[in-house]
Amino acid sequence: MHRLLLRTKARIRNAAKPVGEAAVGALTIGMLRATRHFDPIKTANLFGRIARTVGPLLPEEKLGRANLTAAFPEKSPAEIDAILAGVWDNLGRVGAEFAHIDHIWEHDPGHPEDSRIEIEPRTHELFARLRLDGKPALIFASHLGNWELPALAAVAHGLDATVLYRRPNIASANRIIQEMRAVNMGTMIAASHDAPLKLAQALQNGQHVAMLVDQYFTNGVEVTFFGRKTKANPMLARLLRQVECPIHGVRIIRLPGHRFRAELSEEVKPARDTAGQIDVQGTMQAITSVIEGWIREYPDQWLWLHRRWR
């Protein structure tokens, strides 16, 4: 009888799953479409307030607090609280801004003071070099500030960009999110078993390949992040073994007054073994160290709410 009940419960769960996913997908689509009709700044403020209110009630709050306490043992509980409040606020704003992703990039080189996106001269120089040097490039980013905007920065500077992205689990939500991303983010390649082959081909064709690299990857290479061992996805370094090219990092930092600053890092030199070949683990450690430096500058803008250490 007990087994029969368990099997019945399992069947109910399996039958209800598509219905639940359809409901969540419909809600996601409805929210994105509705948000587009409202002022983007006011909506971002609202979503930020909602996230700051609701976030601390979720299980991720405990995880984020544990991550921050381990990463910054010198910080007081009050400082950790302030950082976490910023994390939730940033997450809410990213959600609101995504609904306006096709027109959020506002930068006028002639009047930078009136632009929503601030870009320093050195970043302009580095983007110009990437555009004109006739080489492919690998560009990494992290879940810092607004992590949807780096792809816009590449396209806005004339780069032939190919971006690796992760599909949402719900197909209906994936369709509208993909449509919005495809407007001005370059070529989008979904993470899958054949994604490395597609990305390698893009590099061979002279394109600039971008990806987020700051999440835990079960089958990854070991790196040290905030003094603790974790695993990083080695894909970027393995692509570099196939097609050697420059590596740069890009971040979009949130500024006061609803503005952002786009920054492209100097070239990150890969690590090499004694034979001169690309050292995958060492290269991923170099990239991870750059990201750690970014986060130390703006700890309240990084997504501390996932399990980076396991």
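The values are calculated or read from the model by the stated rules, or taken from the named source; none is laboratory data. Predicted model only: the values in this text are computed from it and were never measured. Reconstructed Cβ throughout: ideal geometry from the backbone, glycine too, with neighbour counts over all protein chains shown. With ligands, DNA and RNA removed, areas are computed over all heavy atoms of the protein, side chains included. Shrake-Rupley method; radii C 1.70, N 1.55, O 1.52, S 1.80 Å.
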Pairs only if they're at least six apart or on different chains, beta carbon under 9 angstrom, first in the range 140-152 and hydrophobic (A, V, I, L, M, F, W, C), second at pLDDT below 95 and part of a strand (DSSP E or B); list them, first residue then second.
L149/I117; A151/A161; A151/V163; A151/Y165; A151/M188; L152/I117
What residue, among those in the range 260-288 that are open to solvent by 20 Å² or more (accessible area, probe 1.4 Å), in contact (Cβ under 8 Å) with a residue 12 or more places away in the chain and of a type in the set (G, A, S), is nearest to W147 (Cα to Cα)?
S265
Using the structure shown, decide if E113 is under 30 Å from R241 (Cβ atoms), open to solvent by 20 Å² or more (accessible area, probe 1.4 Å) and out of contact with any Leu (no Cβ under 8 Å at 6 or more places or on another chain).
no
Is there a residue being open to solvent by 10 Å² or more (accessible area, probe 1.4 Å), of a type in the set (A, V, I, L, M, F, W, C), farther than 22 Å from A232 by Cβ and over 21 Å from the mean Cα position of the chain (by Cα) anywhere in the range 130-140?
yes
Restricting attention to the range 116-129, and to residues there that are surrounded by 15 or more Cβ atoms within 10 Å (Cβ to Cβ) and of a type in the set (A, V, I, L, M), which single residue is farthest from L149 (Cα to Cα)?
L126
Among the candidates G293, G227, G276, G257, residue that is under 18 Å from the mean Cα position of the chain (by Cα) and over 23 Å from H193 (Cβ atoms)
G293
Give G293, G257 a once-over and let me know the one that is open to solvent by 20 Å² or more (accessible area, probe 1.4 Å), at pLDDT below 95 and out of contact with any Asp or Glu (no Cβ under 9 Å at 6 or more places or on another chain).
G257
Members of the range 196-248 found to be within 23 Å of L144 (Cβ to Cβ) and among the basic types (K, R), listed by number
R228, K229, K231
For the range 232-254, name all the residues that are in contact with a helix residue (DSSP H, G or I) (Cβ under 9 Å, 6 or more places away or on another chain), charged (D, E, K, R) and open to solvent by 30 Å² or more (accessible area, probe 1.4 Å).
R238, R241, R254
Residues that are modelled with pLDDT of 85 or more: list the helices (runs of 4 or more DSSP H) wholly contained in the range 119-202 that include at least 2 such residues.
121-132, 150-156
With the condition being touching a Pro at 6+ places or on another chain (Cβ under 9 Å), hydrophobic (A, V, I, L, M, F, W, C) and surrounded by fewer than 21 Cβ atoms within 10 Å (Cβ to Cβ), I'd like the helices (runs of 4 or more DSSP H) fully within the range 36-105 carrying at least 1 qualifying residues.
77-98
